[in-house]
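The block underneath contains the structure these notes are about, expressed in structure tokens.
The values are calculated or read from the model by the stated rules, or taken from the named source; none is laboratory data. Since the model is a prediction, treat every value here as computed from it, not as a measurement. All Cβ positions, glycine included, derive from the backbone under ideal geometry; neighbour counts span all protein chains shown. Just so you know, the surface numbers come from the protein's heavy atoms only, side chains and all, with ligands and any DNA or RNA stripped out. Shrake-Rupley method; radii C 1.70, N 1.55, O 1.52, S 1.80 Å.
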Amino acid sequence: MNLDFFQVINKIANPVVVAKLLYDEKGKINDFQIEFQNSQMKKLAGYIIQGFSKWSEFRHNIGEDSFGYDSLIASLNEKPFPKSSYYSAATKRWYRFDISPLEDDVVVITLSDVTIEKNYSKKLRESIIKDPLTGLLNRAGFTDNLEIVLDTCKYNGTKAAMLILDIDDLKNINESIGYEEGDNLIIRVADILRRFERDTISIFRYGDDEFMVLISEVESRDSVVTIADTIFECFQNEHILISGGVSIFPDNSESKDELIRFADMAVHYAKKHGKNNICFFEPEMQRVFIQQLQLQTKLANAVLDSNFYMNYQPQFEISTGLLRGFEALIRWDEPELGEIPPSVFIPVAEETGLILPLGKWILNTTMQRLKEWQDKYDFKGTMSVNVSPIQLKQDGFLDELMEIIGKYEIDPEYVEIEITEGVMINNIQTTVEKLKSLKDLGFKISLDDFGTGYSSLNYLQQLPLDTLKIDKSFINDICSMDGIQANITSSIINMVTKMGLETIAEGVERPDQLNLLKRYNCNIVQGFLRGKPMNIIDCDAYLGGDKSALRTNH
Ligand code: C2E
Ligand code: CA
Ligand code: CA
């Protein structure tokens, strides 16, 4: 190194140090000798650095801030030398080191002031992690904060909690009242949550309809319960329906990913159990969740392999006792779990979308069966098929149905589509139009499970129905002494008959029930008293004239 070289360096506008590297006994760089510093460096740090010939002495004298001592030493030990930046609390500015090799064990270290760049990227980061609608930090912002919060709690031995809040039925609100109303609701929820913000409680917009409340440095689970209760009460007072799930660090887990997953499971649990409540994560939920997943996998495989079969439950005209038709009911015999009832797996199929291929299989199977009975036994009855709301709403349902009945040359007048009130959720108008098209094509439409759910009489007028099925829960008590259920049932039958609809009583198990229904002029009976669901062998025998093939309660 000659004098010219140092003169050149002196002219550089950035602070520069020429350093001779020093090694520890393991051969790692742990210090350096300051061979030369330019005038900019002296200006910047002269009062600190002058008089010291080693970097370590310099560090020793100014304590922790030490001009990024650790990051500089770490960079010197890497090849090629990486750029590293650090914040100096002494000058309140950001600096970046650039290290270039000069000769063996001698490097030139250049410092650049990157404060403006850093502030800019901090602003940029803030704009990326902020949710524009509510002004809250978003999911990325939550991730940024989480580690610091958990580290702090770990350090001082306190607890932290994640509370995920999910607005109930936001999707329905968006679809039925409009996205603007949906947005307004999200803003209201954010405003309510902001009231709880403090040093130890941060709020994030976590997803479309999800918020995250991150609670840190609490002493006990009870404090979390109190906070969660207070937040929930606020929403109750504002008449906003919301479900929540809580996981607690370190009680439930020390892993941040697991904590998020557990809080998520707890929300799912809350949603499944009636919504509008907050659940705390329990290990049991994980078990149920895994079981659910296993069921989903098994169901997906069963759908792929069409591992189902149909049973058919007969329906009889009450006045004549003649066969009116059959309701097709699906069955699943799972090799490991045994027979799983449709009330368990149909909801899973609906949640996962598997109901679409499954529904298609059901239509194909039942129509093929109907054609066979018509050809073999001159069967003139109806085949009632349960159609899930999701299936009905799917684009192309009508085409699919027409294609299937076309394939088996079935006249739609022999096919009854059973729907539930579930079809009235979301896009009522489109659904009603679809049902009207079905009816125009000649299909019969029946409303299943009447008397459960909302059972609004309003639906009866809006929907183009042929048949009303009175739910088993109504029929169960019609013979009770107080006569209330009997009165309601007879009024429903009366009214519905006046509207020109046929009535089917479901789940009739006893003769006294049937007698009463006869008196009320109910048209059709379906229940264990007259016939349980039958497999195809029994159906064939029965339709072929063997009355003993009928399975009944007696
Ligand atoms: P659902 O449509 O109301 O079907 C009637 C249910 O009541 C059937 O149960 C039937 O076996 C049962 N049942 C009929 N009579 C009596 C009786 O006298 N006493 C008692 N205790 N029960 C009676 P299942 O087969 O277990 O079906 C349960 C539900 O699963 C059905 O209710 C329906 O909602 C759904 N489901 C069944 N098959 C299908 C299908 O192919 N597609 C769709 N989407 N859903 C189906
Ligand atoms: Ca049904
Ligand atoms: Ca039913």
Complete set of residues in the range 478-498 that are among the hydroxyl-bearing types (Ser, Thr, Tyr) and either over 20 Å from ASP466 (Cβ atoms) or open to solvent by 40 Å² or more (accessible area, probe 1.4 Å) (or both): SER480, SER490, SER491, THR497
query: Within the range 5-25, is there a residue that is out of contact with any strand residue (DSSP E or B) (no Cβ under 7 Å at 6 or more places or on another chain), modelled with pLDDT of 80 or more and small (Gly, Ala, Ser)?
result: no
statement: Checked the range 406-430 for anything open to solvent by less than 30 Å² (accessible area, probe 1.4 Å), touching a strand residue (DSSP E or B) at 6+ places or on another chain (Cβ under 9 Å) and more than 16 Å from ligand 2 (Cβ to nearest atom); matches are ILE410, PRO412
- request: Within the range 412-428, track down each residue that is of a type in the set (A, V, I, L, M, F, W, C), within 16 Å of ligand 3 (Cβ to nearest atom) and modelled with pLDDT of 90 or more.
  value: ILE417, ILE419
field: Residue count, the range 447-486 (criterion: within 16 Å of ligand 2 (Cβ to nearest atom) and modelled with pLDDT of 85 or more)
entry: 16
statement: By residue number, the members of the range 154-174 that are closer than 19 Å to ILE215 by Cα, β-branched (Val, Ile, Thr) and part of a strand (DSSP E or B) are ILE164
query: Of the residues that make up the range 458-475, is at least one away from ligand 1 (no atom under 11 Å from the Cβ), in a loop (DSSP other than H, G, I, E, B) and among the β-branched types (Val, Ile, Thr)?
result: no
- request: Tally the residues that are surrounded by 14 or more Cβ atoms within 10 Å (Cβ to Cβ) and either out of contact with any Lys or Arg (no Cβ under 8 Å at 6 or more places or on another chain) or within 20 Å of ILE231 (Cα to Cα) (or both), restricting the search to the range 150-170.
  value: 14
- request: Evaluate the following for LYS518: is it in the same structural domain as GLY422 (by TED's automatic domain parsing), open to solvent by 50 Å² or more (accessible area, probe 1.4 Å), of a type outside the set (A, V, I, L, M) and out of contact with any helix residue (DSSP H, G or I) (no Cβ under 8 Å at 6 or more places or on another chain)?
  value: yes
- prompt: Is one or more of the residues making up the range 395-405 buried (at least 17 other Cβ atoms within 10 Å of the Cβ), outside any helix (DSSP H, G or I) and in the same structural domain as ASP538 (by TED's automatic domain parsing)?
  reply: no
message: Here's a check for you: in the range 254-281, which residue that is open to solvent by less than 10 Å² (accessible area, probe 1.4 Å) and out of contact with any Gly (no Cβ under 7 Å at 6 or more places or on another chain) is nearest to ALA160 (Cα to Cα)?
response: LEU259
query: Would you pick out the residues in the range 499-550 that are of a type outside the set (A, V, I, L, M), away from ligand 1 (no atom under 11 Å from the Cβ) and not in a helix (DSSP H, G or I)?
result: GLY500, GLU502, THR503, TYR520, ASN521, CYS522, ASN523, ASN535, GLY544, GLY545, ASP546
- prompt: Residues in the range 434-456: is at least one within 16 Å of ligand 1 (Cβ to nearest atom), in a helix (DSSP H, G or I) and either open to solvent by 70 Å² or more (accessible area, probe 1.4 Å) or over 25 Å from LYS393 (Cβ atoms) (or both)?
  reply: no
query: Can ASP448 be described as acidic (Asp, Glu), closer than 28 Å to GLY381 by Cβ and more than 15 Å from ligand 3 (Cβ to nearest atom)?
result: no
- prompt: Based on what the data block shows, is THR431 under 16 Å from CYS522 (Cβ atoms), of a type in the set (Ser, Thr, Tyr), at pLDDT 85 or above and in the same structural domain as TYR520 (by TED's automatic domain parsing)?
  reply: no
- prompt: Any residue at all in the range 467-474 that is closer than 21 Å to PRO314 by Cβ, touching a residue at least 12 places away in the same chain (Cβ under 8 Å), open to solvent by less than 40 Å² (accessible area, probe 1.4 Å) and of a type in the set (Lys, Arg)?
  reply: yes
- request: Working carefully through the options TYR408, TYR459, find the one that is under 25 Å from ASP540 (Cβ atoms), hydroxyl-bearing (Ser, Thr, Tyr) and in contact (Cβ under 8 Å) with a residue 12 or more places away in the chain.
  value: TYR408
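Residue-wise test of (1) at pLDDT below 95; (2) in a strand (DSSP E or B); (3) charged (D, E, K, R); (4) not assigned by TED's automatic domain parsing to the domain that holds ILE404.
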{"site": "LYS275", "(1), (2), (3), (4)": "yes, no, yes, yes"}
{"site": "GLN286", "(1), (2), (3), (4)": "yes, no, no, yes"}
{"site": "PHE316", "(1), (2), (3), (4)": "no, yes, no, no"}
{"site": "PHE326", "(1), (2), (3), (4)": "no, yes, no, no"}
{"site": "VAL348", "(1), (2), (3), (4)": "yes, no, no, no"}
{"site": "LEU356", "(1), (2), (3), (4)": "no, no, no, no"}
{"site": "THR366", "(1), (2), (3), (4)": "no, no, no, no"}
{"site": "ARG369", "(1), (2), (3), (4)": "no, no, yes, no"}
{"site": "GLN374", "(1), (2), (3), (4)": "no, no, no, no"}
- prompt: What are the pairs, 6+ residues apart or on separate chains, where a residue within the range 309-331 that is on the phi > 0 side of the Ramachandran plot has its Cβ under 6 Å from a residue that is within 16 Å of ligand 3 (Cβ to nearest atom) and part of a strand (DSSP E or B)?
  reply: GLY325/GLN315; GLY325/THR382
task: Look through the range 282-308, keep the residues that are within 21 Å of PHE249 (Cα to Cα) and within 16 Å of the chain's Cα centre (by Cα), and return whichever of them is least open to solvent (accessible area, probe 1.4 Å).
output: MET285
